[in-house]
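Chemist: This is the structure I have questions about; it appears just below.
The values are calculated or read from the model by the stated rules, or taken from the named source; none is laboratory data. Model, not experiment: these values are computed from the prediction. Ideal geometry is used to build each Cβ from the backbone, glycine not excepted, and the neighbour counts take in all protein chains shown.
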């Protein structure tokens, strides 16, 4: 029988030492990604990111690289339109997986606030030249609130806005569009059953050589328009719920598609980014001063406004400023945007 040992008989040799989690010495050196491939993000879906190498962007058959975000990026998001650094297997062959190790500074970003809760911003796309706000003349009915909020984000981020009204064989939409006639915005009208011809050529000319994002409610015809513009897009299309008047979601994530064909002007290329239909588009995160900056003709008058003027109050200097008919119309639009 083994006699129990007295506590005082234990020494340091009897103590078990737990090994360190890592025996690798810490270092201040960071990985060198100077030779990382530069890629353009064309899709993000459930943690998997699809990219094209910048050298492949003009190719008719580019290699699509599947990648995942590296741990060192932390909580930094990756969205369609980002320019990223890629390491690992960037051959694009089936079964390969690269790593995204850097995200280049963004020129701009299309971000919406969820239900006007400024703490929940969602970035949709980045680095775009144009925003095509797609609305239907009817079924579903167009809403000034949505268009105004989209314009606020466009002006805030320095993105050129375009309005495309679809289904103009159901209604001409003239009265609705009159609210934007003095805002120097390209407005194009198309029909449901006629996704070709002059209107489509006009859209192609505007999109050529640019990176453009389509934004709109479900059911307005974004995916139908994309399928007409990009021959092999094959985007799913949906209908409008008769009971609610709202469209059914058919796209779950944004995707960038190449416009490779030459236009009549001889310009080739450009990218069109189709996005899921949105139900709400909050703008609580937008700085109103940047929106006002898009209306430079009012700068002098605004200098005479009282401190913290909202430009929607009686003491606003714009109320007594001498404005012509066009400027008055633009002022009404600005004030509507500031209240969006």
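Chemist: So how many residues does the stretch 312-326 have that are within 19 Å of residue 155 (Cβ to Cβ) and touching a helix residue (DSSP H, G or I) at 6+ places or on another chain (Cβ under 6 Å)?
Modeler: Qualifying residue count, the stretch 312-326: 2.
Chemist: If you don't mind, there's one more thing I want to ask. Residue pairs, Cβ under 6 Å, 6 or more apart or interchain, first in the stretch 167-187 and at negative phi, second surrounded by fewer than 14 Cβ atoms within 10 Å (Cβ to Cβ) and assigned to a loop (DSSP other than H, G, I, E, B). List them.
Modeler: Pairs that qualify, where the first residue is at negative phi and the partner is surrounded by fewer than 14 Cβ atoms within 10 Å (Cβ to Cβ) and assigned to a loop (DSSP other than H, G, I, E, B): there are none.
Chemist: Further, regarding this structure: Could you tell me whether any residue of the stretch 285-299 is closer than 23 Å to residue 159 by Cα and touching a strand residue (DSSP E or B) at 6+ places or on another chain (Cβ under 8 Å)?
Modeler: Yes, the stretch 285-299 contains at least one residue that is closer than 23 Å to residue 159 by Cα and touching a strand residue (DSSP E or B) at 6+ places or on another chain (Cβ under 8 Å).
Chemist: Would you check if residue 123 is touching a helix residue (DSSP H, G or I) at 6+ places or on another chain (Cβ under 7 Å) and closer than 18 Å to residue 213 by Cα?
Modeler: no
Chemist: For residue 264, all conditions in the list (1) at pLDDT 75 or above; (2) in the same structural domain as residue 152 (by TED's automatic domain parsing) hold save one; what is the number of the exception?
Modeler: (1)
Chemist: Can you confirm whether the stretch 120-132 contains a residue that is farther than 24 Å from residue 284 by Cβ, assigned by TED's automatic domain parsing to the domain that holds residue 164, part of a loop (DSSP other than H, G, I, E, B) and in contact with a strand residue (DSSP E or B) (Cβ under 7 Å, 6 or more places away or on another chain)?
Modeler: So far as the stretch 120-132 goes, yes, one or more of its residues are farther than 24 Å from residue 284 by Cβ, assigned by TED's automatic domain parsing to the domain that holds residue 164, part of a loop (DSSP other than H, G, I, E, B) and in contact with a strand residue (DSSP E or B) (Cβ under 7 Å, 6 or more places away or on another chain).
Chemist: Here's something else I'd like to know. Just to be sure, is residue 67 in the same structural domain as residue 211 (by TED's automatic domain parsing), touching a residue at least 24 places away in the same chain (Cβ under 8 Å) and more than 17 Å from the chain's Cα centre (by Cα)?
Modeler: no
Chemist: So residue 78 clears everything in (1) at pLDDT below 90; (2) within 22 Å of the chain's Cα centre (by Cα); (3) at negative phi except one condition, right? Which one?
Modeler: Among (1) at pLDDT below 90; (2) within 22 Å of the chain's Cα centre (by Cα); (3) at negative phi, the lone unmet condition for residue 78 is (1).
Chemist: Residues in the stretch 54-103 that are part of a loop (DSSP other than H, G, I, E, B) and more than 27 Å from residue 212 (Cα to Cα): how many?
Modeler: Final tally of qualifying residues: 9.
Chemist: Looking at (1) surrounded by 13 or more Cβ atoms within 10 Å (Cβ to Cβ); (2) assigned by TED's automatic domain parsing to the domain that holds residue 190; (3) modelled with pLDDT under 85, which is the only condition residue 230 fails?
Modeler: (3)
Chemist: Using the structure shown, decide if residue 141 is under 29 Å from residue 68 (Cα atoms), surrounded by fewer than 18 Cβ atoms within 10 Å (Cβ to Cβ) and assigned by TED's automatic domain parsing to the domain that holds residue 188.
Modeler: So residue 141 does not fit the description; no.
Residue-wise test of (1) within 20 Å of residue 289 (Cβ to Cβ); (2) over 17 Å from the mean Cα position of the chain (by Cα); (3) surrounded by 18 or more Cβ atoms within 10 Å (Cβ to Cβ).
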position	(1), (2), (3)
125	no, no, yes
129	no, no, no
133	no, no, yes
148	yes, no, yes
159	yes, no, yes
163	no, no, yes
171	no, yes, no
174	no, yes, no
182	no, yes, no
